[in-house]
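Structure first, commentary second.
Bear in mind these aren't lab numbers, they're just calculated from the coordinates by the rules spelled out. These figures come from a predicted structure and were not determined experimentally. Heads up, the Cβs are rebuilt from the backbone with ideal geometry, glycines too, and the neighbour counts pull from every protein chain shown.
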């Protein structure tokens, strides 16, 4: 049986996120892993600018019911509609994912904790800060772009 810890799944998110490097800017690179009973059900990453985000790709690629699963991602899921793609938070809620583990809070003022709050209001357990420094280093330019906002 696979007994990986949260940090192991987040490290996998980093690996997936790197596949989008050079293709999604100025957006951050993001990876997502969905797990149930220590088994990976699906993975995804933000593949290209204007395309579905990592969470949407992982959910849409799953091919199985995700109810009761845990979603891991290296950046807080988006909750705003001021972009080309629909927000990820409603999709997570709709799929009855029970827990979301996030490395870093999104520094974008349109998200910045709001996605986490929406998930918690929907009764989803949210853990934040797993490998936070490494996550911020992974998306260093993205985080720096919001320092003076």
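What the table shows:
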item	result
Efficiency of FRET between residue 96 and residue 141 - r from beta-carbon atoms, R0 35 angstrom, step 0.05	0.50
Most mobile listed residue (68, 115, 20) in the chain, GNM with C-alpha springs under 10 Å	68
The stretch 1-71: C-alpha gyration tensor shape, a/c 1.5 cut-off, then a/b vs b/c	oblate
The stretch 6-140: relative contact order as a whole-number percent, Cα under 8 Å and 6+ apart	21 percent
For the chain: rounded, prolate or oblate by the Cα gyration tensor [a/c cutoff 1.5]	rounded
Segment residue 148-residue 110, length gained on full extension (0.36 nm per residue, minus Cα span)	12.2 nm
Rounded to 10°, Cα long-axis angle of helix 6-18 versus longest principal axis of the chain	50 degrees
Helix-derived mean residue ellipticity, 222 nm - over the chain, DSSP H n ≥ 4, -39500 (n - 2.57), to 500	-8500 deg cm²/dmol
Likely footprinting exposure, 135, 103, 145, fewest C-beta neighbours within 10 Å first	145, 135, 103
Share, in percent, of DSSP beta bridges within the chain that are antiparallel, nearest 5	55 percent
Burial ranking of peptide ranges 83-95, 45-57, 118-130 (average Cβ count within 10 Å, highest at the top)	45-57, 83-95, 118-130
